[in-house]
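See structure below.
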Amino acid sequence: MEICVDLTLTDGQKEAWELIHREDVRYLVLRWSRQCGKTVLCELLMLEYLFKPNTFNVYISPTFQLGRKVYADITRMLEGKGVIKKANASTLTIETIYGSTLQCYSMEAYTGIRGTTCNGICILDECAYYPDILPNGE
């Protein structure tokens, strides 16, 4: 199945897309300025992994509000395409007909992340806004 996303990637996004798809690249850290498309690129990567069979994918944001926005963007892109098996706006979870799941987490409720195993893609968005020390002292 093909989903058409009406986007023109910037040169930086194209370079990052190519890098993350190289066989010898396992991690990619993007340190770009504001409003240059980091989250949009992350959304495209998450879409790609939702189409792969049986992956568990994780998106972590500094705030629940950003996670909710990303969840809404992705569900809107997939809406009406027959790809979503289940979507839960309360838990920010999307399951596809391919057996793949995207779970959005927030650093505001960081204990929910503990114990999660990701076999797809794990995206930590806006890491500069994560707390240096968690409320429990960790």
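Taking R0 as 41 Å, what FRET efficiency do you get between T93 and L19 from their Cβ-Cβ distance, rounded to the nearest 0.05?
Values: r = 28 Å, r/R0 = 0.69.
About 0.90, to the nearest 0.05.
Could you run the Karplus curve 6.51 cos²θ - 1.76 cosθ + 1.60 with θ = phi - 60° over segment 75-91 and give me ³J(HN,Hα) per residue in whole Hz, x for Gly and Pro?
5, 5, 5, 9, 4, x, 9, x, 9, 7, 7, 8, 9, 10, 6, 6, 9
In vacuo Debye scattering of the chain, one point per C-alpha: log10 I(q)/I(0) at q = 0.18 Å⁻¹?
Summing over Cα pairs of the chain leads to -1.11.
For every helix of n ≥ 4 consecutive DSSP H residues, a contribution of -39,500 (n - 2.57) applies; sum these over the chain, divide by its total residues, and give [θ] at 222 nm rounded to the nearest 500 deg cm²/dmol.
Estimated from H runs of four or more residues: -8500 deg cm²/dmol.
Take each of the peptides 102-109, 78-85, average the number of other beta-carbon atoms within 10 Å over its residues, and list them starting from the highest. Numbers along the way, then the final one.
On the way: 102-109: 19.2, 78-85: 13.4.
Most protected by this proxy first, the peptides run 102-109, 78-85.
Given a 1.4 Å probe and every protein chain left where it sits, what share in percent of the accessible area of segment 1-107 is carbon and sulfur?
With neighbouring chains kept in place, the figure for segment 1-107 is 50 percent.
Which far-off residues, 5 or more places away or on another chain, put their amide H under 5 Å from the one on S106, with H placed in the peptide plane?
Under 5 Å from the amide H of S106: S61.
Over segment 79-120, what portion of Cα pair distances is larger than 12 Å, expressed as a whole percent? Display every interim value, and only then the final one.
Working: 555 of 861 pairs.
When every Cα pair of segment 79-120 is considered, 64 percent fall beyond 12 Å.
Suppose all protein chains stay in the model; what accessible area per residue would a 1.4 Å probe give for the chain, in Å²?
Values: 8840 Å² over 138 residues.
About 64 Å² of surface per residue is accessible.
For segment 80-123 and segment 39-59, what is the separation of their Cα centres, given in Å?
9
Taking the Cα-to-Cβ direction at L9 and at Q35 and moving 7 Å from each Cα, how far apart do the two end points lie in nm?
2.3
Excluding N57 itself, what net charge comes from residues whose Cβ is under 14 Å from its Cβ, given Lys and Arg +1 and Asp and Glu -1?
Details: positive: K52; negative: E43, E48, E95, D125.
Here the charged neighbours net out to -3.
Any idea what the dipole of the chain comes to, in debye rounded to 20, about its Cα centre with Lys/Arg Cβ at +1 and Asp/Glu Cβ at -1? It would help to have the intermediate numbers written out before the result.
Values: 14 positive and 17 negative charges, 60 e Å.
The calculated dipole for the chain is roughly 280 debye.
So which aspartates and glutamates can K85 reach, going by Cα to Cα under 18 Å and dropping same-chain residues fewer than 8 places off?
E2, E48, D73, E95
Cross-link partners among aspartates and glutamates for K38, C-alpha distance below 13 Å, same-chain residues fewer than 8 apart left out?
Output for K38: D11, E15, D125, E126.
The values are calculated or read from the model by the stated rules, or taken from the named source; none is laboratory data. Computed from a predicted model, the values in this text were never measured in an experiment. Note that each Cβ is placed from the backbone with ideal geometry, even for glycine, and that neighbours are counted across all protein chains shown. The area values use the complete protein model at the heavy-atom level, side chains included, leaving out ligands, DNA and RNA. Shrake-Rupley method; radii C 1.70, N 1.55, O 1.52, S 1.80 Å.
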